[in-house]
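Colleague: The following block contains the structure, expressed as structure tokens.
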């Protein structure tokens with residue numbers, strides 16, 4: 001799965017990497033470790049605004065939700081079931097790039113995971129990259145506030161991630177640079193399931 005990421009690059013570095021501009025640069029905060037369970041806003045590029053970098057909440061809230069507690073279960077969306085699950089199926093065509101420069105995963109050192117080793121994972125060929133994401137816009141029925149949120153797509157782990165994420169053997173879909181627009185343009189999700197992958201490297205931290 002993917003619940004901890006890093007985005008600590010400068011605004012200018014991110015804008016250059018994606019040829020896009022922040023819509024709210026004053027609201028962007030570089031972070032060494034982003035905890036998904038804080039449901040924080042992080043940089044994304046949506047299919048509707050490819051030249052803009054927006055800040056969306058991590059943890060997708062489907063438009064039909066009566067309240068937002070579902071977000072704790074929607075940080076990730078399994079690519080194998082994303083078109084069927086009620087929480088995600090209405091958002092499958094709402095594509096976004098979730099921007100990052102690394103993510104964290106823990107390797108279990110014993111059968112029950114009481115001892116773990118933390119790893120920092122990055123693509124070998126992209127200093128700043130994009131996870132495949134889907135998004136939703138939800139209006140809070142109590143306050144009328146419009147909340148934009150996203151989920152990171154996950155797939156079966158490759159060889160490296162099977163060794164690191166050895167309890168569930170999953171990994172986020174990290175997009176190849178040349179496939180960013182294919183994802184945003186609605187190419188079938190099955191094309192991005194493992195064995196689709198990028199070359200990853202991992203460092204114990």
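Computed from the coordinates by the stated procedures, all read-outs in this text should not be read as laboratory data. Note that the structure is a prediction, hence the values are computed from the model and not measured.
Colleague: Quick one: Cα centre-to-centre distance for the range 98-113 and the range 1-75, in angstrom?
Modeller: Each part's Cα centre sits 19 Å from the other's.
Colleague: A further question on this structure: Between residue 23 and residue 38, what length comes free when the chain is fully extended (0.36 nm per residue of separation minus the Cα-Cα distance, one decimal in nm)?
Modeller: Net length gain for the segment: 3.2 nm.
Colleague: Shifting gears a bit: Per-residue ellipticity at 222 nm for the chain, helices alone: DSSP H runs ≥ 4 residues times -39500 (n - 2.57), over residue total, nearest 500 deg cm²/dmol?
Modeller: It comes out at -2000 deg cm²/dmol, rounded to the nearest 500.
Colleague: May I pose another question? What does DSSP give for the chain in terms of the percent of beta bridges that are antiparallel, rounded to the nearest 5?
Modeller: That works out to approximately 85 percent antiparallel.
Colleague: List the relative contact order of the chain as a percent without decimals, with contacts defined as Cα pairs under 8 Å and 6+ residues apart.
Modeller: Reported as a whole number, the value is 22 percent.
Colleague: A further question follows. Considering the chain as a Gaussian network with a 10 Å cut-off on Cα pairs, which listed residue, 81, 154, 46, attains the greatest mean-square fluctuation?
Modeller: 81
Colleague: Here's a follow-up. On a full-extension model of 0.36 nm per residue, what is the gain between residue 187 and residue 118, subtracting their alpha-carbon distance, rounded to one decimal in nm?
Modeller: 21.5 nm
Colleague: Next question, about the same structure. Pick the calculated semi-axes √(5λ) of the Cα gyration tensor in Å for this structure from (i) 48, 16, 14; (ii) 25, 20, 17; (iii) 71, 18, 15?
Modeller: (ii)
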